[in-house]
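Here is the structure we will look at.
The values are calculated or read from the model by the stated rules, or taken from the named source; none is laboratory data. All values reported here derive from a predicted model rather than from experimental measurement. Quick reminder, even Gly has a Cβ in these numbers, built from the backbone with ideal geometry, and neighbours come from all protein chains shown. Keep in mind that these areas ignore ligands, DNA and RNA; they rest on the heavy atoms of the full protein, side chains included. Shrake-Rupley method; radii C 1.70, N 1.55, O 1.52, S 1.80 Å.
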Amino acid sequence: MGSLKHKETTMLLIQNETTEFVKEKLSSFCKKTSEGLSKPKQKFMKDMLMGLCGTGSPSIHNISKFIQDNVSTKSTSERLYRNLGQNDYVEHIDETLLKLIKPYITDETIFIVDESDIEKPYAKKMEGLQKIYNGSEGKSTNGYLLINIVAYTPNKDSYMLLPVFSRLIAPNLESDSAKQIMQDAIIDMELFFNGKGTYVFDRGFDDRKLIEFLSNNGIQFVIRGKGDRAVKEGFEEINFNKIVSEMDFNYELLGCKDNEVFKCGTRRINIRTDDHPSKKSNTVEISLVVSRIFRKGFQRGNDFYLLCDFASQDMFDLELVAKAIAVYKKRWAIEEVHRQMKQSMKWETMRLGSYQGMKNLNALMTLALFFIYVSKKYIEKIALGFPKILHYKKEDLSMPKEFIYYRIAEVLSECIKFIVQYKRKLSLAERIDQHQMKIRLL
């Protein structure tokens, strides 16, 4: 009995140490991300980041209850709504994210660009709502577009995933198109990160204007091709299938499953960038990689097309093929990010009347997500206090870590629940129950 009580006491002390550690990191993060803003706006950002990480929800009412300051929940909600209506935060957070992530960016970093959405099928009074297409369900509904960019950086025996950019867009209220907003973000990243990294896109971005933009700006990229375009040879345009049929598939790489191989071929092609074909139409030269999946000697599925361009023009063909496929394989990570955004972070429950408020809330949620994801650096520390949540063992240190951000978010939420942001008298329940002891965030 005494031994069990000693273990419980020891575990409680370790949890308190872990909570103190998270408190320190979150306090420092709030201070760093609100630098340059007025004190009321710094307080607002601190409250929102605390609430978003603590509740795992964008509900302003829940965040107001969570803050537990010395005013009513209604008054706190009104203050948060008032700040969300201002237009100072999106640009500030965009710049802050670039500064935060810069130390993690290397030449091997992969920037995963993707388009998602926030569905609001039953909303009627939210500003800027319009029809969006949900590809997973194959139907259109009311909502907003989301342009997301996530950095995938190899890190020792594992990897770091970090949000770089997220913009909620109502196209009918923006002066620029979603495509232009995305391109402006990429240019800012290229300048800020000194041209490091490679951008990867799915089939929806196989667009001649995007290819022209990336090529003309010297940006490394991999785009999964649709396989339905023409290729320009001299003054003529040749059918894409004809080009593929003439390629040699001399390169073989290991597949993703047992008994699976990729047989690949590559060649340089010219893509027309003008809207209409003509003998004098402008073109850009890029590489085409075609891959065929074979299992037990038989081809499975259709050909897989990758359009790409890398900084080095002296790469051997096998090296180019291997790099293009390796880069594209990492694109799966953003699907997990989207899933976590919509499930554990409840991204689609965002609900504000004003479009500016929705944009600000999305930017703040991206900042909170960055804090959660960067906390993977401290996984050994936070695992000590909450091993049952993380299911993390010392034996795993030498193994690549899986997508563990769901569990990190849960641990941080548990820690932040014990943090009191404002000085106030503890309730009777808090004073009685030792597990509800609060740690003051100074």
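Between the residues VAL261, ILE93, THR283, the greatest Cα displacement towards the positive end of the dipole of the chain, with unit charges on the Cβ of Lys, Arg, Asp and Glu, is found for ILE93. Charges were assigned to the Cβ only: +1 to each Lys and Arg, -1 to each Asp and Glu. The resulting dipole of the chain about its Cα centre is roughly 1960 debye. Gain on full extension, evaluated as 0.36 nm per residue between ASN250 and ARG295 minus their Cα-Cα distance, stands at 14.5 nm.
Under the 0.36 nm per residue contour assumption, what length would be gained going from the current alpha-carbon distance of ASN134 and LYS346 to full extension? Walk me through the numbers before you get to the answer.
Values: separation 212, 0.36 × 212 = 76.32 nm, distance 1.72 nm.
Extending this stretch completely gives an extra 74.6 nm.
Residues within the reach of a label modelled at PHE403 (point 7 angstrom out along Cα to beta-carbon, backbone nitrogen below 14 Å), restricted to region 342-364, are 342-345. Given their separation in residues at 0.36 nm each and the Cα-Cα distance between them, TRP332 and LYS388 gain 17.4 nm when the chain is fully extended.
In the calculated pair distance distribution of region 140-224, what percentage of Cα-Cα distances lie above 23 Å? Intermediate results must be reported in sequence, preceding the final value.
Numbers: 979 of 3570 pairs.
That tail contains 27 percent of the Cα-Cα pairs.
In this calculation the C-beta distance from LYS417 to GLU95 is compared with R0 = 41 Å, giving a FRET efficiency of 0.85.
Inter-label distance, ARG339 to LYS156: 2.6 nm, where each label sits 7 Å from its Cα along the C-beta direction.
Here's how it looks for ASN134: its modeled amide H is under 5 Å from those of LYS139, SER140, THR141, which are all 5 or more places away or on a different chain. Extending 7 Å from Cα along the Cβ direction at GLN86 and again at GLU127 yields two label points whose distance is 1.6 nm. Label zone of ASN217 (point 7 Å out along Cα→Cβ, amide N under 19 Å): in region 263-295 this covers 273-274, 283-287. Where the centre of each part is set by its Cα atoms, how far does region 290-353 sit from region 202-216, in angstrom? When both Cα centres are located, 15 Å separates them. Oblate is the label for region 67-207, because the ratio a/c of its alpha-carbon gyration tensor axes (a ≥ b ≥ c) is 1.5 or higher and a/b is not greater than b/c. Label-to-label distance, ASP258 versus ARG203, with points set 7 angstrom from Cα along the beta-carbon direction: 3.0 nm. Computed log10 I(q)/I(0) for region 188-295 at 0.09, 0.12, 0.15, 0.23 Å⁻¹: -0.29, -0.50, -0.76, -1.30, from the Debye equation with unit scatterers placed on every C-alpha and solvent omitted.
Viscosity 1.306 mPa s, temperature 10 °C: what is the translational diffusion coefficient of region 246-342 from Stokes-Einstein with a Kirkwood Rh over Cα pairs, rounded to a whole number of µm²/s? Provide the component values of the computation, followed by the final result.
On the way: Rh = 15.4 Å.
Result for D is 103 µm²/s.
Applying D = kT/(6 pi eta Rh) to region 286-362, where Rh is the Kirkwood radius over alpha-carbon pairs, T corresponds to 37 °C and eta to 0.692 mPa s, the Stokes-Einstein value obtained is 202 µm²/s. Spatial offset of region 4-58 relative to region 141-170 amounts to 23 Å, using the alpha carbon center of each. State the percent of C-alpha pairs, over all pairs in region 234-295, separated by a distance greater than 17 angstrom. Percent of Cα pairs beyond 17 Å in region 234-295: 51. In the chain, the calculated helix contribution to ellipticity at 222 nm averages -13000 deg cm²/dmol per residue, counting -39,500 (n - 2.57) for every DSSP H run with n ≥ 4. Residues considered: ASN239, ASN62, ASN360. Largest GNM mean-square fluctuation over the chain, using C-alpha springs under 10 Å, is found at ASN239. If you run the Gaussian network model on the chain, springs between alpha carbon atoms under 10 Å, then out of LYS31, LYS179, LYS257 the most flexible one is LYS257.
What the pair-distance distribution of region 1-160 shows, using all Cα-Cα distances binned every 10 Å from zero, is 8, 23, 31, 25, 10, 3, 0 percent.
Overall, the ratio between the Cα radius of gyration of region 261-398 and 2.2 N^0.38 Å, rounded to two decimals, is 1.58.
Could you tell me what a quarter of the Cα convex hull surface of the chain works out to, in nm² with one decimal place? Write down the numbers at each step before the final one.
Values: hull surface 104.2 nm².
Average projection, Cα convex hull of the chain: 26.0 nm².
Once the Cβ-Cβ distance of ASP184 and ASP275 is raised to the sixth power relative to R0 = 22 Å, the FRET efficiency obtained is 0.50. Surface composition of the chain: carbon and sulfur atoms hold 50% of the protein heavy-atom accessible area at a 1.4 Å probe.
Using a probe of 1.4 angstrom and keeping all protein chains present, the accessible surface of the chain works out to 51 square angstrom per residue.
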